[in-house]
Amino acid sequence: MPIQQVIVPDIGGAEGAEVIELLVAVGDQVVLDQGLIVLESDKASMEIPATAAGTVVELLVAEGDQLAEGAAVAMIDVAEQVADAAPTPVESEAPAASDASIADDDGAEQKASAVKEAPAAKKTPAGKETPVVEAVSAASEAPVLQVEAAPLSLEVAGEIYAGPAVRKLARELGVQLVRVDGTGPQGRVLKEDLQQFVRKVIREPVGAITGGTGIPLVPETDFSKFGEVEVTPRTKLDKLTAINMHRSWLNVPHVTQFDEADITDLEEFRAGLKAEAERRSTRITPLPFLLKACALALRDNPKINSSLARGGEDLVHKKYIHIGVAVDTPAGLMVPVIRDVDRKTIWELAHEVAELASRARDRKLLPTEMQGGCFTVSSLGNIGGNGFTPIVNTPEVAILGVSKAAIKPLWNGTEFAPRTMLPVALSYDHRVVNGGDGGRFLTRIVSLLSDIRRLSL
Ligand code: CAO
């Protein structure tokens with residue numbers, strides 16, 4: 001049976017990420033994409049998943065190790081059915097040139113850059129040699145493939161850390177780990193924390209209105225008592241989004257301000273660009289114009305381009321303008337970030353949005369591509385609705401929600417004229433942004449969209 005070595009993929013440019021949890025042990029049977037270890041850098045934590053189903057024959061890391069891209073994680077004795085689907089080793093000197101794809105059980109393409117015969121020894125960033133590849137290779141006399149894992153969880157700073165036993169216990173008790181304060185290293189939730197939490201909840205009188213930060217629990221309901229139901233597990237991405245939304249909702253005092261931009265001229269201009277867009281093999285929607293308008297408005301209103309630091313003592317002013325775009329994918333919400341929006345042309349932005357959205361839907365975004373945003377645009381324009389209140393993507397301090405444009409009668413001083421109006425809503429963190437800042441910022445966006453000649457100034 002071939003042995004496959006799982007290596008650390010691109011982890012978002014982090015110099016080193018610490019192994020904070022081992023999720024499997026030698027001898028464990030794993031399935032494709034099952035988490036092997038949890039890595040944490042200063043920005044995010046991620047699980048490094050198994051790149052094939054099989055048996056873990058060797059774990060090459062220990063808790064506390066610092067790993068970087070390319071470091072060896074584990075050796076997997078690949079199960080029969082996966083071995084059949086595994087690629088033939090690619091002869092290549094440079095790992096980057098040996099990109100290959102493996103089809104997983106679902107037929108989805110999984111990136112397997114650096115599929116090659118593993119070197120006999122590999123240096124980790126800490127300078128630690130791990131001569132295990134040779135040992136396993138010799139023991140099994142099987143070809144050793146080195147496969148880069150695609151990290152499972154992405155922008156997840158603040159994800160709950162807990163070992164498998166604690167997670168299992170929490171599931172049995174019906175406790176959401178997000179509600180439990182972890183007292184272990186790096187805030188890890190321990191069994192005692194869970195017990196303490198349950199004791200506290202039991203002591204709480206039913207229906208109690210809790211003070212401070214305590215939140216009354218929503219009791220579990222057996223919906224099957226009222227009719228047929230089907231229960232499906234939520235995706236990891238959905239659960240992470242829920243944690244991020246909950247965190248922002250609880251921490252950020254939100255204010256949402258509404259307006260409408262007259263995009264009649266923009267739409268006329270855009271319609272005239274369609275043929276050119278086809279020639280450039282791209283599409284031109286209102287979104288690149290919106291991004292450009294937001295970038296210029298952020299430049300003019302630097303407070304919106306900031307984040308709180310040191311528990312609210314400082315404000316970090318960013319000298320760059322990177323904007324996240326919410327993308328609706330079958331797996332859940334993803335927010336790729338477009339860098340230096342203020343310095344890009346409308347065509348460049350159109351191309352980049354389409355490219356990032358397509359890779360988000362194929363789950364091929366790298367963690368780095370979802371980091372560093374200063375502001376987010378969430379466009380539900382194509383879906384419909386005439387307004388919504390977006391939740392700020394903390395630690396950013398504002399987000400723009402865009403709804404569906406509609407033709408409306410507008411008074412021009414002498415008569416009502418049909419104009420295409422785009423509803424926009426700005427939610428902001430009222431700890432940082434006051435009404436005046438928010439009003440000026442949104443008014444600037446609206447005036448830029450209403451007169452796109454100003455986008456070039
Ligand atoms: N009003 C009317 N029509 C709009 C519009 C708006 N505000 N915005 C886009 N459209 C049109 C586009 O012009 C396009 O039509 P044409 O091809 O005829 O020009 C059509 O709708 C489809 O656009 P699109 O959605 O494919 O492309 P986009 O650039 O507007 O948006 C993306 C890209 C990735 C943002 C979008 O596909 C998406 O995923 N949106 C959902 C975001 C989301 O879920 N937000 C909620 C987050 S909080 O839960």
Be a star and scan segment 256-271 for residues whose amide nitrogen sits under 16 Å from the point 7 Å along the Cα-to-Cβ vector of N412.
262-269
Candidate cut points under GluC sites (Glu not before Pro) in segment 212-283, DSSP loop plus at most 15 other Cβ atoms within 10 Å of their own Cβ, are E220, E228, E230
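R0 = 22 Å: FRET efficiency of L315 with H254, Cβ-based, nearest 0.05?
Working: r = 18 Å, r/R0 = 0.83.
Approximately 0.75, to the nearest 0.05.
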Residues whose built amide H sits under 5 Å from the amide H of A261, excluding neighbours closer than 5 in sequence, are L422, V424
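Set the Förster radius R0 to 45 Å, insert the Cβ-Cβ distance between N434 and L190 as r into 1/(1 + (r/R0)^6), and round the FRET efficiency to 0.05. Mind dumping the intermediate values first?
On the way: r = 41 Å, r/R0 = 0.92.
With R0 = 45 Å, the Cβ-Cβ based efficiency is 0.60.
Using a Förster distance of 35 angstrom, determine the FRET efficiency expected from the C-beta separation of V218 and S358, and round it to 0.05. Write out the running numbers ahead of the final one.
On the way: r = 37 Å, r/R0 = 1.06.
It comes out at approximately 0.40.
Residues of segment 239-456: accessible area per residue at 1.4 Å, in Å²? Please list the in-between numbers first.
Numbers: 10640 Å² over 218 residues.
Value for segment 239-456: 49 Å² per residue.
Tally Lys and Arg at +1 and Asp and Glu at -1 over the other residues with C-beta under 13 Å from the C-beta of K303: what net charge comes out? Please list the in-between numbers first.
On the way: positive: R299, K318, R431, R440, R444; negative: D300, E396, D429, D437.
With Lys, Arg at +1 and Asp, Glu at -1, the net is +1.
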Gyration tensor (alpha-carbon) shape descriptor, segment 168-323, a/c threshold 1.5:
prolate
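Which entries in K168/K191; K239/K318; K239/K303; K292/K319; K318/K364; K200/K236 show an alpha-carbon gap greater than 20 Å?
Values: K168/K191 10 Å; K239/K318 29 Å; K239/K303 31 Å; K292/K319 16 Å; K318/K364 28 Å; K200/K236 28 Å.
Flagged as over cut-off: K239/K318; K239/K303; K318/K364; K200/K236.
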Quick one: if you stick a label point 7 Å off each Cα along the C-beta vector at V201 and D328, how many nm between them?
3.3
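Given the Cα-Cα distance of K274 and D238 and 0.36 nm per residue of separation, how much length would full extension add, in nm? Could you put the intermediate results ahead of the total?
Values: separation 36, 0.36 × 36 = 12.96 nm, distance 3.52 nm.
Difference between extended and current length: 9.4 nm.
The values are calculated or read from the model by the stated rules, or taken from the named source; none is laboratory data. Note that the structure is predicted; figures quoted are calculated from it, not measured. Positions of Cβ are backbone-derived with ideal geometry, glycine not excepted, and every protein chain shown enters the neighbour counts. Heavy atoms of the whole protein, side chains included, go into the accessibility calculation; ligands, DNA and RNA do not. Shrake-Rupley method; radii C 1.70, N 1.55, O 1.52, S 1.80 Å.
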